[in-house]
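S.K.: First the structure, then my questions, so here it is.
The values are calculated or read from the model by the stated rules, or taken from the named source; none is laboratory data. Owing to the predicted nature of the structure, the values given are computational and were not obtained by experimental measurement. All Cβ positions, even for glycine, are placed from backbone atoms using ideal geometry, and neighbour counts span all protein chains on display. Note: accessible area is taken over every heavy atom of the protein model, side chains too, but ligands, DNA and RNA are not part of it. Shrake-Rupley method; radii C 1.70, N 1.55, O 1.52, S 1.80 Å.
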Amino acid sequence: QVQLVESGGGLVQAGGSLNLSCAASGRTFSNYAMGWFRQAPGKEREFVAAISWGGTYIYYAESVKGRFTISRDNAKNTVYLQMNSLKPEDTAVYYCAAGTSTTTIRSADIRAWGKGTLVTVSS
């Protein structure tokens, strides 16, 4: 079982940028597809982005397409989420997730979750 720890959240003004990181423990990180989800106050957790184990396949929610970029470094057991042009509606707790494929991640069939990192975007 892989364990995940997110970092990089914080407070940023609208239009600003943040880069989230998710460090994974265990030797099988490269076997997992990875993803990011978010949960805003009073709302359900929603899919943000996913990347296949080799980085070939990448998917984004429509709401973040063109602004967010997911990437991974298997040598460092880390997945990243670069967030640009942030909007107040991006305010949420962001969760890292591991799954067997980008398909299962997008359907929220998750093998491991991180505890989340808070992103607050002020207007």
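S.K.: Taking 0.36 nm per residue of separation and subtracting the Cα-Cα distance, what length does fully extending GLN3 through GLU44 add?
M.R.: Stretched out fully, the GLN3 to GLU44 stretch lengthens by 12.5 nm.
S.K.: Here's another thing I want to ask about it. Can you list residues from other chains, or at least 5 along the same chain, whose modelled amide H is less than 5 Å from the amide H of LYS87?
M.R.: GLY15
S.K.: A follow-up question, please. What nm distance separates the two modelled labels at ALA108 and ASN19, each placed 7 Å from Cα along Cα→Cβ?
M.R.: A separation of 3.1 nm, rounded to one decimal place.
S.K.: For the stretch 22-123, give the magnitude of the charge dipole about the Cα centre (Cβ charges: +1 Lys/Arg, -1 Asp/Glu; no others), in debye to the nearest 20.
M.R.: 200 debye
S.K.: When we measure straight from the Cα of LYS115, which aspartates and glutamates land under 14 angstrom away, once same-chain ones fewer than 8 places off are left out?
M.R.: Partners within reach: GLU6.
S.K.: Also: Can you tally the net charge around THR100? Count Lys and Arg as +1, Asp and Glu as -1, for every other residue whose Cβ sits under 10 Å from the Cβ of THR100.
M.R.: Here the charged neighbours net out to 0.
S.K.: Tell me the GluC sites (Glu not before Pro) within the stretch 9-82 that lie in a loop according to DSSP and have at most 16 other beta-carbon atoms within 10 Å.
M.R.: GLU44, GLU62
S.K.: Here is a further query. I'd like the antiparallel share, as a percent to the nearest 5, of DSSP beta bridges with both residues in the chain.
M.R.: In the chain, approximately 90 percent of DSSP beta bridges are antiparallel ones.
S.K.: Oh, and also: Could you provide, to the nearest whole Å², the per residue accessible area of the stretch 1-100 with probe 1.4 Å?
M.R.: So the stretch 1-100 comes to 50 Å² accessible per residue, rounded to a whole number.
S.K.: Then there's this: List the residues, sorted by chain then number, that are 5 or more residues from PHE68 or on another chain and whose placed amide H is less than 5 Å from its amide H.
M.R.: ASN84
S.K.: Counting Lys and Arg as +1 and Asp and Glu as -1, what is the net charge of the other residues whose Cβ lies under 12 Å from the Cβ of LEU81?
M.R.: Its environment carries a net charge of +1.
S.K.: While we're here: Under 20 Å Cα-Cα from LYS87, which aspartates and glutamates qualify once same-chain neighbours fewer than 8 residues away are excluded?
M.R.: Cross-link targets: GLU44, GLU46, GLU62.
S.K.: Roll a 1.4 angstrom probe over the protein heavy atoms and tell me the percent of accessible area of the chain that is carbon or sulfur.
M.R.: On the chain, the fraction of accessible area on carbon and sulfur atoms equals 48 percent.
S.K.: Let me ask another. If each of LEU11 and ARG67 carries a label point 7 Å out from its Cα toward its Cβ, how far apart are those two points in nm?
M.R.: 2.0 nm
S.K.: Please compute the contact order of the chain in relative form: average sequence separation of alpha-carbon pairs under 8 Å and at least six residues apart, divided by the residue count, as a percent.
M.R.: The normalised contact order for the chain reaches 36 percent.
S.K.: Size of the chain along its principal axes in angstrom, Cα-based, largest extent first?
M.R.: 41, 25, 25
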